[in-house]
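Structure record follows, encoded as structure tokens.
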Amino acid sequence: MFDYTEGSHTYYVYIITNKYRSTYCIGMTNNLQLRLQQHHKNIEEANKTFAAKYGIEFLVYYEKHSWVHLAITREKELKRWNRTKKIELIRSFNPEFEFLNERFKNGDVIPPSSE
């Protein structure tokens, strides 16, 4: 039996960047803490992924969804945006462009002050 209760699942659409905040990668996952660890590990191991090639591992934006199809749709939408629009979105959520990885480090999501 499937549980279709709204809010019973959490999916994240996220944007990560490199230490220079010059290159961005958009993704979707149901476990942001694990996904951030995977991005970091890919860089350490010099894997041949886009994110690893450009040192992209720092979270600057995320949003939560309860339905996977909405998260996938949103991810695809953001990927079509131009760079300026993506940066505006990040700044509306994270005005100081801080790295937000610590919010997910121990599995406890610490919401931004604007949430």
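The values are calculated or read from the model by the stated rules, or taken from the named source; none is laboratory data. Computed from a prediction, not measured in an experiment: that's the story for all the values here. Every residue, glycine among them, receives a Cβ derived from its backbone with ideal geometry; neighbour counts consider all protein chains shown.
Would it be correct to say that Tyr54 is hydroxyl-bearing (Ser, Thr, Tyr), touching a Ser or Thr at 6+ places or on another chain (Cβ under 9 Å) and surrounded by 15 or more Cβ atoms within 10 Å (Cβ to Cβ)?
Working: hydroxyl-bearing (Ser, Thr, Tyr): yes; touching a Ser or Thr at 6+ places or on another chain (Cβ under 9 Å): yes; surrounded by 15 or more Cβ atoms within 10 Å (Cβ to Cβ): yes.
Yes.
Where helices (runs of 4 or more DSSP H) sit wholly within the stretch 19-101, those with at least 3 residues that are under 30 Å from Ser8 (Cβ atoms) and at pLDDT below 95 occupy 32-44.
Taking the stretch 65-78, which residues are over 16 Å from Ile90 (Cβ atoms) and either touching a residue at least 40 places away in the same chain (Cβ under 8 Å) or not basic (Lys, Arg) (or both)? Walk me through how you get there before you give the answer.
Step one: list which residues in the stretch 65-78 are over 16 Å from Ile90 (Cβ atoms), which gives 65-73, 76.
Result: His65, Ser66, Trp67, Val68, His69, Leu70, Ala71, Ile72, Thr73.
Each residue in the stretch 23-51 was checked for being surrounded by 14 or more Cβ atoms within 10 Å (Cβ to Cβ), more than 22 Å from Ser92 (Cα to Cα) and of a type in the set (Gly, Ala, Ser), and 1 of them qualify. Just so you know, in the stretch 64-106 the residues that are closer than 20 Å to Gln37 by Cβ and surrounded by fewer than 14 Cβ atoms within 10 Å (Cβ to Cβ) include one that is farthest from the chain's Cα centre (by Cα), and it is Asn106. Of all residues in the stretch 33-62, those satisfying the criterion of being under 13 Å from Arg21 (Cα atoms) and either among the aromatic types (Phe, Trp, Tyr) or out of contact with any Cys (no Cβ under 7 Å at 6 or more places or on another chain) (or both) are Tyr54, Gly55, Glu57, Phe58, Leu59, Val60, Tyr61. Residues that are aromatic (Phe, Trp, Tyr) and surrounded by 16 or more Cβ atoms within 10 Å (Cβ to Cβ) were ranked within the stretch 10-22; the one that is farthest from the chain's Cα centre (by Cα) is Tyr11.
Residues of the stretch 1-18 being among the aromatic types (Phe, Trp, Tyr) and either in a loop (DSSP other than H, G, I, E, B) or modelled with pLDDT under 95 (or both), which ones? Residues satisfying the conditions are Phe2, Tyr4.
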